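**Q** Shown below is the structure under consideration.
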Amino acid sequence: MAALSPDEIAAGKTATLVAFVQRARRIQTHSLTQDQDALCALKYMIGGMISAHPDGTVTEIKALPPQEMVESAAALVRPVLLNQDDVHWGKVLKALEYFVHEHAGLMADVKNLRGEWQKIMPKDGKPLGYSLMLVGPVDPKDSPPLTDSTMAESWFYGDLVHAKRESQAKAARVGITERYRAAVSTVANAVWLTMTTLVLVNVAQKLGLVSLPKEALTVGVVPERLSALWGQPDAILPRSRPDGPA
């Protein structure tokens, strides 16, 4: 197979960034992303979340975000976490490096960002933020601590997108609430890093190092008209009958 020309390589890298920007902009409009303070707090949530008020007081919030909110955010960010996907964060950062390799500042930012991405859902089961030790009449040798990354993986592949028994078994010792709690932090971290990556792409675009088509940065990513019709009287919606169009 003939080697790709520089123009072909650049076109491929650009296509990767365009696909990522479109995905990231969808994540940017998600309800979980709208409150940046709350999103940041969720990244580090263990037992609860601390919300600061203008008067200097703080409130500890024990409640977890609605399951549907986190599930939809997890579905949107999942391609950024999958190695085989075109918008996997590793491919996106490589594409960005291709264009900004002569800019020391952005290259340092990309390097730091890669380190943060590598912490998400570690393959070796290391904790992202915390571990749980189960207390009871069980030999600690038979019940080692469960890391948040292990519980989050169990939720992703045992409770959400798949029903793999081996994934479920990894965190069967704790209930779904603890698996979900760990997943919330993982999803929040992934969403946060996606937004940070999008910022770097936008900076590179503004500096003229990357040239993305205008549509990738401006075209709507949510079918607003269809969403606006939800819950409206049926009379304004086109309907079909078995015997032909209405």
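The values are calculated or read from the model by the stated rules, or taken from the named source; none is laboratory data. These numbers come from a predicted model, not from an experiment. Quick reminder, even Gly has a Cβ in these numbers, built from the backbone with ideal geometry, and neighbours come from all protein chains shown. Protein only, heavy atoms only, side chains kept; ligands, DNA and RNA dropped before computing areas. Shrake-Rupley method; radii C 1.70, N 1.55, O 1.52, S 1.80 Å.
**Q** Residue by residue through the stretch 99-114, which ³J(HN,Hα) values in whole Hz follow from phi under the Karplus form 6.51 cos²θ - 1.76 cosθ + 1.60 (θ = phi - 60°), with glycine and proline marked x?
**A** Going residue by residue, I get 8, 10, 4, 9, 9, 4, x, 5, 4, 5, 5, 5, 4, 5, 5, 4 Hz, with x marking Gly and Pro.
**Q** So, one more: Using a probe of 1.4 angstrom, how much of the accessible area of the stretch 1-47 is carbon and sulfur, in percent?
**A** 56
**Q** Of the cross-linked pairs LYS43/LYS206; LYS43/LYS123; LYS119/LYS214, which ones have a Cα-Cα span greater than 27 Å in the structure shown?
**A** LYS43/LYS206; LYS119/LYS214
**Q** Can you tell me the order of 121-127, 84-90, 22-28 when each peptide is scored by its average per-residue count of other Cβ atoms within 10 angstrom, highest first?
**A** 22-28, 84-90, 121-127
**Q** Determine ³J(HN,Hα), in whole Hz, for all residues of the stretch 187-203 in sequence, where each value follows from phi through the Karplus function 6.51 cos²θ - 1.76 cosθ + 1.60 and θ = phi - 60°; x replaces Gly and Pro.
**A** 5, 4, 5, 5, 5, 4, 5, 4, 5, 5, 5, 4, 4, 5, 4, 5, 5
**Q** Each residue of the stretch 24-40 in turn: what ³J(HN,Hα) in whole Hz from Karplus with 6.51, -1.76, 1.60 and θ = phi - 60°, glycine and Pro shown as x?
**A** Values, residue by residue: 5, 5, 5, 5, 5, 8, 5, 4, 5, 8, 5, 9, 5, 5, 5, 4, 5 Hz.
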